[in-house]
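Undergrad: Can you keep this structure in mind? I'll have questions shortly.
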Amino acid sequence: MTPSSIETGVRHLALIGNFLPRKCGLATYTTDTYEALRQRYPDVRVDVYAMDDHPGRYDYPAAVTRAIPQNDRAAYLDAARAIEASGAQALWIQHEYGIYGGPAGECLLALTDRLSIPVITTLHTVLEKPSADERRVMEALLRRSSRVIVMAEKGRDILKRVHGADGRKIVMIPHGVPDRPFADPDALKPAFGWAGRDVILTFGLLAPNKGIETMISALPAIVADHPNAHYVVLGATHPNLVAHEGEAYRDRLKALAEEKGVPGHVEFIDAFVEYDELLDYLQAADLYVTPYSNPAQITSGTLSYAVGVGKPVVSTPYVHATEILADDHGVLVDFGDSAGFAREIARLLGDPKARLALAQRAYARGRTMIWPRLAESAMAEIGTILTEKPRQLGKAPIELAPLAPDLTAVERMSDSTGMLQHSIYSVPDRRHGYCIDDNARALILMCKMDGIDEAVRDKWTSVYASFVQHAWNEGARRFRNFMNFDRSWCEDVGSEDSNGRAIWALGVTARDARAQKHRDWAAVMFDATASIALELEAPRAHAFAMLGAAAMIEAHPGHALARTILTRYGEELITLLDGARRPEWQWFEIVLAYDNARLPEALLRAGKVLGRQEFVSVGLETLEWIVERQTSPEGRFRAVGTESFGRPYAEPLPFDQQPLEAQATVEACIAAYEVTGDPHWREEAMRAYRWYLGANDLELPLATAQDGGCFDGLMPTGLNRNQGAESILALQLANCAISVLSKRAENVETRPRAAVA
């Protein structure tokens, strides 16, 4: 067996961060991490996803599986799909502020939220005082990560103290360093023209926070004691600074050297040097200095590299320096203390024996940080999280018996205005107000649910009907959709789909309301408003209106407007199918979207009431096709995930799965059962219904049986634990449908198979 499979069980990783040839420290780090993994674990597949700030600029090597444009949120979702499809066992994120798109890099969360695999995150910056966005994104990333790597113990402390992070998830793995033999600087100096010089080196992208001014100000005193002192500032100017002011900062530093009378003792090398060349520069230096001005800097790759090759270091006491140089492994000088830098540097240059001893101590510490050690430590953590059982929020009940309809959660989400749209967990969220979509569904539920007190039914039927009635905008001849919590409308005209749902609710209420007064009201409202259906263009709006029209004909046979709606849009759906159809694609559109099963259901119910066999035939054909695509390899119902929407002629993706899809499939399969009597459709309805109970991809129940609630969906990582109106209503309407199915099944099976005469 290979070393990696013996030691960790890890076979396939995805790695995301910047990558060479992009010129920045994080790109170097991610590239070094990749190379360390490949060398230490050659049999492990590592897919690199490179963050790209200038798409098309970089000629990435073959190691890069995919580049992700920094500000293209859709690209993050595409990358998540690619990672899932690749079979990667875990994702290792290199996190730094500024490289991921959105406020504080929130686009990264869109990617992680779409993954079912564990995530391990290396934090290159940990802030003591994050902004609101930085806090929000960091805490979401901490929740999603199974392990968090920091490069200094101070990082662990900040995460626990500032973010309340779980300390058990945090591990400290030092910044990786190169594995090079200890070298005598004098042997390498001639290659750079430094023979006979006492070389002091600072390396990194040039920016004001590097404290170069402190060192230049210290040089006169150093040169007074050591005339051969030579300060080398190696590195290109930071790209962001160049974009803002060109090379003005570098010019200011050169002017400062002139002012201090040491221009001949300062050398600026304006270059982004390659890895091996950088190490040569480091090993040719007598001293390495990091006079950084930011006390909170928790990671410095250049400092790590300097220690790794055995350089005596003089540094300001920023977080990383205080840890890596502790126990006499370097020299610390206060921030901005030019005199202190001059004193310590002059002392080390004047005492070769002490300088060599410090170099050897630094080199010994660096041997514990070489890249193979980093790879081993990280892989051990990844191997551990792969063996941990995934956290589940609940267990599927052993007995998947149907639930009785329950009004409790519906009432929790309702007030005297109507049913609120959203919740935070189970608590109604008033910020989002109300919509006619949910109140139309709630009105239908009041017509369907058995076993509730008639006074309660009357109360809520009136509330939801009143909302629908008030939503009607006579002047615009459309229903409004969204209402604020203060009862002000957000719009004059709602979406086509919301208008279709309103017509659907009116038709069902005219047929099924338990009180004559509500049936009469709905029939009048239908007659006054349903002609707008003839002006709608969206296929789902047509289907919703057809469902209302089919109910209206059953309530009032011969209803002319309802018949027109059913005939026109039934024929249009068949025309749509003919236009989009391919041998492998038997669907009305070239893409999948939400509420898919409503399209064949509309044809089935239209065919039944109109006696149109071709409507029934097409409805059955297309329902069979969509049911096949809503079946997991294990034979469970798998709702078409929202990530599937809008992808031409593409097989559906599994997440996010929402309760609305299961309800639509239950009711469409029941419609097929009613017109055929075929038990196959009864079983398909039950298979879709059991999704709520835990017979799904994650084996987690969405229904909260104790109070009639329903979680908002299945995410790759578990349940969306919010319980909005749409989800609760979907479950309760499915409960009602299954209850009726159970009572009707025996009678329906005695009917002839050809139900349309």
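Undergrad: Give the distance, in whole Å, between the Cα centre of region 660-722 and the Cα centre of region 519-565.
TA: 27
Undergrad: Further question on the same structure: Give the span of region 318-453's Cα atoms along each principal axis, as three whole-Å numbers ordered largest to smallest.
TA: Per principal axis, max minus min of the Cα coordinates gives 94, 40, 20 Å.
Undergrad: Turning to a different aspect of this structure: Gap in Å between the Cα centre of region 75-135 and the Cα centre of region 421-464?
TA: One Cα centre to the other: 38 Å.
Undergrad: Go ahead and estimate [θ] at 222 nm for the chain from helices alone: -39,500 (n - 2.57) per DSSP H run with n ≥ 4, summed, over the residue count, rounded to 500.
TA: Values: 28 runs with 365 residues, N = 757.
Per the formula, -15500 deg cm²/dmol.
Undergrad: Measure off, as a whole percent, the carbon and sulfur share of the 1.4 Å-probe accessible area of the chain, all protein chains present. Numbers along the way, then the final one.
TA: On the way: 15070 of 29440 Å².
Of the solvent-accessible surface of the chain, carbon and sulfur hold 51 percent.
Undergrad: A further question follows. If packing is taken as the average count of other Cβ atoms within 10 Å, what order do 349-360, 191-202 fall into, highest mean first?
TA: Numbers: 349-360: 14.8, 191-202: 18.7.
For the peptides 349-360, 191-202, the packing ranking is 191-202, 349-360.
Undergrad: By how many nm would the segment from Asp43 to Glu128 lengthen if fully extended, with 0.36 nm per residue of separation less the alpha-carbon distance?
TA: On the way: separation 85, 0.36 × 85 = 30.60 nm, distance 3.98 nm.
Length gained between Asp43 and Glu128: 26.6 nm.
Undergrad: Test of understanding: express the Cα radius of gyration of region 171-224 as a ratio to 2.2 N^0.38 Å, with N the residue count.
TA: Numbers: Rg = 15.5 Å, N = 54, 2.2 N^0.38 = 10.0 Å.
Taking N as the residue count of region 171-224, the ratio is 1.55.
Undergrad: In straight Cα distance, which lysines are under 19 Å from Lys23, not counting same-chain residues fewer than 8 positions off?
TA: Once the sequence-local lysines are set aside, what remains near Lys23 is Lys210.
Undergrad: So what's region 628-680 giving for Cα Rg divided by 2.2 N^0.38 Å, two decimals? Don't jump to the answer; show the numbers that get you there.
TA: Values: Rg = 12.5 Å, N = 53, 2.2 N^0.38 = 9.9 Å.
Ratio of Cα Rg to 2.2 N^0.38 Å: 1.26.
Undergrad: Ratio of region 50-107's C-alpha Rg to 2.2 N^0.38 Å, to two decimals? Walk me through the intermediate numbers first.
TA: Details: Rg = 11.6 Å, N = 58, 2.2 N^0.38 = 10.3 Å.
So region 50-107 has a normalised radius of gyration of 1.13.
Undergrad: Percent antiparallel among DSSP beta bridges with both residues in the chain, to the nearest 5?
TA: Working: 18 of 63 bridges.
Taking every DSSP beta bridge with both residues in the chain, the antiparallel ones total about 30 percent.
Undergrad: About the Cα centre of the chain, how large is the charge dipole given +1 on each Lys and Arg Cβ and -1 on each Asp and Glu Cβ? Please answer in debye to the nearest 20. List each step's numbers first, then the result.
TA: On the way: 80 positive and 100 negative charges, 206 e Å.
Its charge dipole is roughly 980 debye.
Undergrad: Moving on to the next point. 7 Å from Cα along Cα→Cβ at both Asn484 and Lys254: what's the point-to-point distance in nm?
TA: The two pseudo-label positions are separated by 5.9 nm.
Undergrad: Kindly provide log₁₀ I(q)/I(0) values, in the same order as q = 0.09, 0.13 Å⁻¹, from the Debye equation applied to equal alpha-carbon scatterers of region 210-360.
TA: -0.27, -0.58
Undergrad: Further question on the same structure: Suppose we keep just the alpha-carbon trace of region 449-558; what are its Rg and Dmax in angstrom?
TA: For region 449-558, the Cα-based Rg and Dmax read 13.9, 42 Å.
Undergrad: Averaged over every viewing direction, what's the projected area of the C-alpha convex hull for region 381-533? Give it in nm², one decimal, please.
TA: Working: hull surface 52.2 nm².
Projected over every direction and averaged, the Cα hull of region 381-533 covers 13.0 nm².
Undergrad: Another question, if that's okay. Under 30 Å Cα-Cα from Lys448, which lysines qualify once same-chain neighbours fewer than 8 residues away are excluded?
TA: Those lysines meeting the cut-off are Lys395, Lys459, Lys517, Lys608, Lys743.
Undergrad: Between Arg477 and Asp184, what is the label-point separation in nm under the 7 Å Cα-to-beta-carbon projection?
TA: Label at Asp184, label at Arg477, 9.7 nm between them.
Undergrad: Picking from Ile370, Pro352, Ala284, whose Cα lies most toward the positive end of the charge dipole for the chain (charges on Cβ: Lys, Arg +1; Asp, Glu -1)?
TA: About the Cα centre, the residue reaching furthest to the positive side is Ile370.
Undergrad: Then there's this: Rounded to the nearest angstrom and ordered from largest down, what semi-axes does the equivalent ellipsoid of region 301-382 get from its C-alpha gyration tensor (root of 5λ)? Each step should come with its number before you reach the end.
TA: Numbers: eigenvalues 144, 45, 13 Å².
Largest first, region 301-382 gives 27, 15, 8 Å.
Undergrad: Excluding residues on the same chain fewer than 8 positions from Lys353, give the aspartates and glutamates whose Cα lies under 20 Å from its Cα.
TA: Candidates past the 8-residue exclusion: Asp184, Asp186, Asp198, Asp225, Asp286, Asp327, Asp328, Glu344.
Undergrad: Calculate, axis by axis, the spread of Cα positions in region 1-138 along the three principal axes, and write the results as whole Å, longest axis first.
TA: 49, 30, 29
Undergrad: How much accessible area per residue does the chain have, counting only protein heavy atoms and a probe of 1.4 Å, in square angstrom?
TA: On the way: 29440 Å² over 757 residues.
Per-residue accessible area for the chain comes out at 39 Å².
The values are calculated or read from the model by the stated rules, or taken from the named source; none is laboratory data. Please read all numbers here as calculations on a predicted model, not as lab measurements. Reconstructed Cβ throughout: ideal geometry from the backbone, glycine too, with neighbour counts over all protein chains shown. Ligands, DNA and RNA are stripped out before the accessible areas are found, and what is left, the full protein with its side chains, is counted by its heavy atoms. Shrake-Rupley method; radii C 1.70, N 1.55, O 1.52, S 1.80 Å.
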